[in-house]
Amino acid sequence: MLVPDLSRHAKSASPSLHSPQDRLSETEGLAEAIDLTVARGMIVPLALPKPATLFGSGKVEELGQIVTDENIELVIIDHTVSPVQQRNLEMAWKAKVLDRTGLILEIFGRRARTREGRLQVELAHLTYQKGRLVRAWTHLERQRGGRGFLGGPGEAQIELDRRMLQERIDAIRKDLTGVVRTRELHRAGRRKVPYPVVAIVGYTNAGKSTLFNRLTGAGVLAQDQVFATLDPTMREVKLKSGRRIILSDTVGFISDLPTMLVAAFRATLEEVIEADLVLHVRDIAHAETDAQAKDVENVLGGLGIDIVPADNHILEVWNKVDLLSPVTREEATHSARWEERHPALVSATSGEGMGALLDAIDARLGKSDEILDLSVPAIEGRLINWLHENTDVMDTAAGDDGSMIRFRVRVASEKKQRLLGQLGKAGVRAPISDAL
């Protein structure tokens, strides 16, 4: 496990938001996610990347000796490795070399469960492989003869392989077009309900799926490992106001997420783009929580989602407060009071703060809610039941003779017309509205 440290070469790239040690720990977690045994992890100073081998010749030899002595079969480099560099390092070390993109692709390949997820992973894999065909042949003069549409006499084998990969890529994209069309029909159906969509996003392993399970009672896979969730999962949740929402759990983000994977899983992230509210779950107990938050915001910004605090489209959820020391927790509580986004402090594991979080979600979605005063005949049991099921009943009082019941309710804007329809059926006159 090698983590190149380019901090001494600031001109070569933008400085990383994460420390080399944190990147090493994260990469080890990525490897363990696909059941690899990490024999050794190293931070390797790198003043200037070499075009042929990434590392200098002396360092390549030194690392090669370690690979030989410890019988290491796979070397993972937490850095972009070009096809030429990968081929040269594999020849020098007599071991397979995998860069950060390749490692993440391997994880995605194991975790995708739905047909769409598997197609997206295969598309990303093939796109990645197509650019690395130089690894397949040490000499490009190899030719393939014969006839047929796969290539005539004189066509180089590498060009044939590239053409076959492209044909498969085109076929997958065609299949995905149909899948995306089906998903859009489902989304259009949800718009007609209409229930607001609340999407959960966050750095991988921040506790998104645990929070999702806590709020919905669902059994979504929630493990202490990266990318435990790849395929979007959606459940209905009823809030105290009577508002029903669709809660969506999405793939976790990560620093330097390969561009091809952002594009490949845009289908998952489309739920975020169209969400009425985004819950940004942060592991507030992690030493690099601010850097992780910045990575997530960069991805959201790239999707065109406004991350300006005053926009109120994003609600930060500071998770894992149960892991904080008393002093750190007090500091986090104090900071939350002054944060422009007014984050919710919770523990998805213990359930602490869930009520306050649901109230915060309700308040964000309820800016256009109305408070209505109603007089309902006591015999209208169906209407009374509907009010309790679909609105936030704030107060009730029986009339003098008991024949009428006065209700003061908060109703979501999307349910106002349905309420008026229910009242019309019961012969109840139009309500008096109070602006919130």
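A quick yes/no check of all residues on (1) touching a residue at least 12 places away in the same chain (Cβ under 8 Å); (2) of a type in the set (A, V, I, L, M, F, W, C):
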| site | (1), (2) |
| --- | --- |
| His334 | no, no |
| Gly355 | no, no |
| Asp359 | yes, no |
| Val376 | yes, yes |
| Asn390 | yes, no |
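Each row is one residue, and each column tells you yes or no for (1) crowded, with 17+ Cβ neighbours inside 10 Å; (2) within 33 Å of the chain's Cα centre (by Cα); (3) not hydrophobic (A, V, I, L, M, F, W, C).
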site	(1), (2), (3)
Leu36	yes, yes, no
Arg40	no, yes, yes
Ala52	no, no, no
Gly56	no, no, yes
Leu63	yes, no, no
Ile76	yes, yes, no
Gln85	yes, yes, yes
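Please work out which one of (1) crowded, with 18+ Cβ neighbours inside 10 Å; (2) not assigned by TED's automatic domain parsing to the domain that holds Ile284 is the condition Arg429 fails and give its number.
Result: Arg429 passes all but (1).
So which residues in segment 19-68 are without any contact (Cβ under 8 Å) to a residue 40 or more places away in the chain and assigned to a strand (DSSP E or B)?
Lys50, the sole residue that qualifies.
Here's a check for you: in segment 363-381, which residue that is part of a helix (DSSP H, G or I) and at pLDDT below 90 is surrounded by the most Cβ atoms within 10 Å (Cβ to Cβ)?
Among those that are part of a helix (DSSP H, G or I) and at pLDDT below 90, it is Leu365.
Tell me, please, whether a residue that is in the same structural domain as Val201 (by TED's automatic domain parsing) and modelled with pLDDT under 90 can be found in segment 342-355.
Of segment 342-355, the ones in the same structural domain as Val201 (by TED's automatic domain parsing) are 342-355.
Keeping just the survivors that are modelled with pLDDT under 90 gives 342.
Yes - at least one qualifying residue is present in segment 342-355.
Looking only at residues that are of a type in the set (Asp, Glu) and in a strand (DSSP E or B) in segment 382-404, which one is nearest to Asp276 (Cα to Cα)?
Only one residue fits best here, namely Asp392.
Free of Cβ contacts under 8 Å to residues at least 12 places away in the same chain and among the aliphatic types (A, V, I, L, M): does that describe Met91?
yes
Looking at segment 56-76, can you tell me whether even one residue there is in contact with a Gly (Cβ under 9 Å, 6 or more places away or on another chain), closer than 28 Å to Glu288 by Cα and modelled with pLDDT under 90?
No, segment 56-76 has no match at all.
Here are the criteria: (1) modelled with pLDDT of 90 or more; (2) farther than 19 Å from Arg244 by Cα. Tell me which single one Asp434 does not satisfy.
(1)
Determine if segment 2-20 includes at least one residue that is under 22 Å from Ile107 (Cβ atoms), modelled with pLDDT of 85 or more, touching a Leu at 6+ places or on another chain (Cβ under 8 Å) and surrounded by 18 or more Cβ atoms within 10 Å (Cβ to Cβ). Let's see the steps before the verdict.
Filtering segment 2-20 down to residues under 22 Å from Ile107 (Cβ atoms) leaves 2-4, 16-18, 20.
Next cut, modelled with pLDDT of 85 or more only: 20.
From what's left, touching a Leu at 6+ places or on another chain (Cβ under 8 Å): none.
No, segment 2-20 contains no residue that is under 22 Å from Ile107 (Cβ atoms), modelled with pLDDT of 85 or more, touching a Leu at 6+ places or on another chain (Cβ under 8 Å) and surrounded by 18 or more Cβ atoms within 10 Å (Cβ to Cβ).
With the requirement that a residue be surrounded by fewer than 19 Cβ atoms within 10 Å (Cβ to Cβ), among the small types (Gly, Ala, Ser) and either closer than 16 Å to Glu73 by Cβ or at pLDDT 85 or above (or both), what does segment 93-110 give you?
Listed by number, the list holds a single entry, Ala95.
The values are calculated or read from the model by the stated rules, or taken from the named source; none is laboratory data. Treat the numbers as computed from the prediction; the structure is a model and nothing was measured. For neighbour counting, all protein chains shown are included, and Cβ atoms are generated from backbone atoms with ideal geometry for every residue, glycine included.
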